[in-house]
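Engineer: I have a structure here, written as structure tokens, and I will follow up with some questions on it.
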Amino acid sequence: MSASGLSQRQNTARQAEAEGDFAAAERELRAVLAADEQNGDSVFALAEFLLRRRRYGEAERLYDRMRRAFPRHPALLNSLAIVYSKTGRTTEAIALWHQVQALAPGSAQPLVNIGLALRATGDTAGAMARFLEALGRDPQLVEAHYNLAVTYYHARRPGDALPHLQAARRLSPEHGRVLSLLAQSYQGVCDWDRLEALLPELRREVAKAEAGKPCAINPWYSLRLPLTRAERKAVAAQTSRALRDEAATPAATLGFRFARGPRERLTIGYISSDFRDHPIMQLTAGLYRRHDRQRFRIIAYPVTAPSAEASDRLTRDCDGVVDLSSLTDEQAARRIHADKVDILVDIAGYGSTMRLGILALRPAPVQVSYLNFPGTLSDYLYDYLIGDPTVTPAEHDGDYLETLARLPDSYQVNNRDQIIAPPPSRPAEGLPEEACVFACFSLPDKIERAVFGHWMQVLTETPGSVLWLFADGPAQDNLRAAASRAGIDPARLLFAGRKPKAEHLARLSLADLHLDTGTYGAHTTTSDALWAGVPAISVLGEAFASRVGSSLLRAVGLPELVCADWSAYVRLAVALGRAPGDRQALRARLAVQRLTAPLFDTERTARGLEDLYRRMWGVFAAGETPRPLDPP
């Protein structure tokens, strides 16, 4: 084939790929390679195509073949490092990118790649340093701005994320992921004016999802937007389709087979990226050892390296702990399958470090979404979503991609062994001795303009009261300014910082009432308040994420603190704020009920989960498709 003929076929391949005809593109590229198998450009073109199609094993073989002839080719080494990174070989990927950096010392992109790999290992500080170094070399590099912002945001520094998101948006207005994170960061600092200015664009992205098109909103952020359950389902469906399309290895090619039939002892795998100092580890800490070991074998699967404390606890409380952090998705899936896991329970969901690619390979016959992701995510990854009659009532069944399985009380497991340190005095925490202290210890990104307005109305109608919040930096400044605009002295807003959990629970006990948020309510935060002996007020919202507070209050025996709407919420908060005797009576009831009601009965929740697991297995063993599972 002449040089012009080869060039023509390569152009034809590029055109076919651009039009989405990937089979035709691959035919042309393979024909070009067959005509001259020693042509490095032809080998590289096919390898790059396979990399874009996420066929990492085939691409790697071609890159290795080229590397023998071109051991110091920066583009080749960079692409091979991407393959290593995508298949879980992070250390090897970083080593290659360091080689690329040495070969092209002025280039910024290898530094971004190293930063991404470091972030995946949990080295947040190292990742930030690499992104900043990349920006020092190329201040216009959008991916460096964006990924630095992502890292700041997940380190709970949304104020630091904002200038980099604004720069990325200015440099690349069509960069879809920037829009969502920019909105999240404005929420994180309570800059509601700028957030609301983005709402028309966010709405257009949601409309794309409803039309079955890719959109820039991810399921996690959809929980914070004032959307309907149907809109959130559309966003989740788009994400689920993308996860299926992006799978490096189609699940069917692994050939996993599962034996049906009865089991005397089911193997349950709990998989998570949050086996560390995280609310989910705090909630589940008392669960694993309470499972009935005669009927259940329990294996923990951390996908990021667990903390030393979590590792010790899991080793003590589970039948096995298998760290998947150094394995590729395929290797992790094969290990889970080899362990003969019957039901794989994901207690992380859609997050920055959870590896959903493992679940996409379907290593267990039954896969379940539980606890951390309060909404629908995927019928591809999960068979069931565990809820309860409040957060996922039967009339909501059609708004979930997964099949709903309901615990009888609250879906939320709690650890009744949590220690509360000796309480400090109010003055030691900067609180007034006699005033009514309303509190909300949710992160600032859950505080909406409308909810804050309701709080200001409560303060207006309860003279002398204060509002105790968990915020710092620009969020504090914006909240104080909003209070002032509402006619409230900003000095009536008090702010708390981070403390170890036992000390946090102790100081929280100083509050009189905990006030729930709206679209995304206080979840672990509400159960923390109740465990600390502080009554909470909540509104029964529209979707899972806005109904958790109501579920917790019902399960602790305080259903009268669940309000039908925000007007009732304000009236109840004001009435209790003015009546210290009524508040004390509530606290006295809670002091008894928190030890007797279902919410903090970890043993009861463990038995409820086991009942659901048995019934899920019964459906699978009978060869049936998942069906809704309601409390007996």
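Engineer: Run the dipole for segment 308-462 about the Cα centre, Lys and Arg Cβ at +1, Asp and Glu Cβ at -1, nothing else charged, and hand back the magnitude in debye, nearest 20.
Structural biologist: Details: 12 positive and 25 negative charges, 65 e Å.
For this selection, approximately 320 debye.
Engineer: Which whole-number percent is the relative contact order of segment 3-181 (Cα, under 8 Å, 6+ apart)?
Structural biologist: Answer for segment 3-181 is 10 percent.
Engineer: Where nothing but the Cβ of Lys and Arg (+1) and of Asp and Glu (-1) is charged, how large is the charge dipole of the chain around its Cα centre, in debye to the nearest 20? Before the final figure, lay out the partial values.
Structural biologist: Details: 76 positive and 74 negative charges, 161 e Å.
So the dipole magnitude of the chain works out to roughly 780 debye.
Engineer: Have a look at ALA364, VAL539, THR625 and report the one farthest towards the positive end of the charge dipole of the chain, computed about the Cα centre with Cβ charges (Lys/Arg +1, Asp/Glu -1).
Structural biologist: Most positive-ward Cα: ALA364.
Engineer: Follow-up. If the cut-off is 29 Å between C-alpha atoms, which lysines fall inside it for LYS340, apart from same-chain ones fewer than 8 positions away?
Structural biologist: In chain and number order, the partners are LYS86.
Engineer: Residues of segment 204-246 with backbone nitrogen within less than 20 Å of a virtual label 7 Å along the Cα-to-Cβ line of LEU254, please, listed as ranges.
Structural biologist: 240-246
Engineer: Now for a different question. Provide the gained length on full extension for the span ALA585 to ALA35, in nm with one decimal, where the gain is 0.36 nm per separating residue minus the Cα-Cα distance. Don't skip to the end; give the middle numbers.
Structural biologist: Numbers: separation 550, 0.36 × 550 = 198.00 nm, distance 8.63 nm.
Length difference between fully extended and current span is 189.4 nm.
Engineer: Take the alpha-carbon centre of segment 70-120, take the same for segment 263-337, and report the distance between them in whole Å.
Structural biologist: Answer, in whole Å: 32.
Engineer: Separation between the GLN294 and ASP477 pseudo-spin-labels, each 7 Å from Cα along Cα→Cβ, expressed in nm?
Structural biologist: 6.3 nm
Engineer: For segment 450-533, compute Rh as the Kirkwood radius over C-alpha pairs and then the Stokes-Einstein diffusion coefficient at 4 °C and 1.567 mPa s; write the answer in µm²/s, rounded to an integer.
Structural biologist: Rounded to a whole number, D works out at 94 µm²/s.
Engineer: Hand me the GluC sites (Glu not before Pro) from segment 1-67 located in a DSSP loop with no more than 14 other Cβ atoms within 10 Å, in residue order please.
Structural biologist: Those satisfying the criteria are GLU19, GLU37.
Engineer: Picking from PRO500, GLN238, LEU103, whose Cα lies most toward the positive end of the charge dipole for the chain (charges on Cβ: Lys, Arg +1; Asp, Glu -1)?
Structural biologist: With unit charges placed on the Cβ atoms, the residue in question is LEU103.
Engineer: Can you spot the lysines whose alpha carbon is less than 18 Å from LYS208's alpha carbon? Ignore those fewer than 8 places along the same chain.
Structural biologist: Output for LYS208: LYS233.
Engineer: Here's a follow-up. With charges set only on the Cβ (+1 for Lys and Arg, -1 for Asp and Glu), what does the dipole of segment 3-181 come to about its Cα centre, in debye to the nearest 20?
Structural biologist: Details: 23 positive and 19 negative charges, 80 e Å.
The calculated dipole for segment 3-181 is roughly 380 debye.
Engineer: Let me ask something additional. Whole Å is fine, so just give me how far the alpha carbon centre of segment 186-254 lies from that of segment 601-629.
Structural biologist: One Cα centre to the other: 30 Å.
Engineer: Going by how many other Cβ atoms sit within 10 Å of their own, how do THR605, THR124, THR253 line up, fewest first? Intermediate results must be reported in sequence, preceding the final value.
Structural biologist: On the way: THR605 27, THR124 14, THR253 10.
Sorted ascending by nearby Cβ count, the order is THR253, THR124, THR605.
Engineer: Full extension from ARG137 to GLU264: what is 0.36 nm times the residue separation minus their Cα-Cα distance, to one decimal in nm?
Structural biologist: Numbers: separation 127, 0.36 × 127 = 45.72 nm, distance 6.14 nm.
This chain segment gains 39.6 nm when fully extended.
Engineer: What's the angle, to the nearest 10 degrees (0 to 90), between helix 329-338's Cα axis and the longest principal axis of the chain?
Structural biologist: On a 0 to 90 degree scale, this one is about 70.
Engineer: I'd like the per residue volume of the convex hull spanned by the Cα atoms of the chain, given in cubic angstrom.
Structural biologist: Working: hull volume 102.7 nm³, N = 632.
Enclosed volume per residue, from the Cα hull, is 163 Å³.
Engineer: Do any trypsin sites (Lys or Arg not before Pro) in segment 300-385 lie in a DSSP loop with no more than 16 other beta carbon atoms within 10 Å, and if so, which? Working shown, then result.
Structural biologist: Numbers: sites: ARG313, ARG316, ARG334, ARG335, LYS340, ARG355; in loops: LYS340, ARG355.
When the trypsin sites (Lys or Arg not before Pro) of segment 300-385 are filtered for loop state and at most 16 Cβ neighbours within 10 Å, LYS340 remain.
Engineer: Could you work out the Rg to Rh ratio of segment 427-599, with Rh taken as the Kirkwood radius (inverse of the mean 1/r over all Cα pairs)? List each step's numbers first, then the result.
Structural biologist: Values: Rg = 14.7 Å, Rh = 15.9 Å.
Dividing the radius of gyration by the Kirkwood radius yields 0.93.
Engineer: Trypsin sites (Lys or Arg not before Pro) within segment 547-579: which are DSSP loop residues with at most 16 other Cβ atoms inside 10 Å?
Structural biologist: Hits after loop and neighbour filter: ARG578.
Engineer: Could you work out the relative contact order of the chain, using alpha carbon pairs under 8 angstrom and six or more residues apart, expressed as a whole percent? Don't skip to the answer; put the middle values down first.
Structural biologist: Numbers: 1088 pairs, mean separation 67.2, N = 632.
Worked out over the chain, it gives 11 percent.
Engineer: If you don't mind, another one. Using θ = phi - 60° and the Karplus relation 6.51 cos²θ - 1.76 cosθ + 1.60, list the HN-Hα couplings for segment 266-275 in order, rounded to whole Hz, with x at every Gly or Pro.
Structural biologist: Once θ is set to phi - 60°, the couplings for segment 266-275 become 7, 9, 10, x, 9, 10, 6, 9, 10, 7 Hz.
Any read-out appearing in this document is the output of simple, stated calculations on the displayed coordinates, not a laboratory observation. What you are looking at is a predicted structure, and each value in this text was computed from that prediction instead of being measured. Methodologically, a virtual Cβ is constructed for each residue, glycine included, from the backbone with ideal geometry; neighbour enumeration extends over all protein chains shown.
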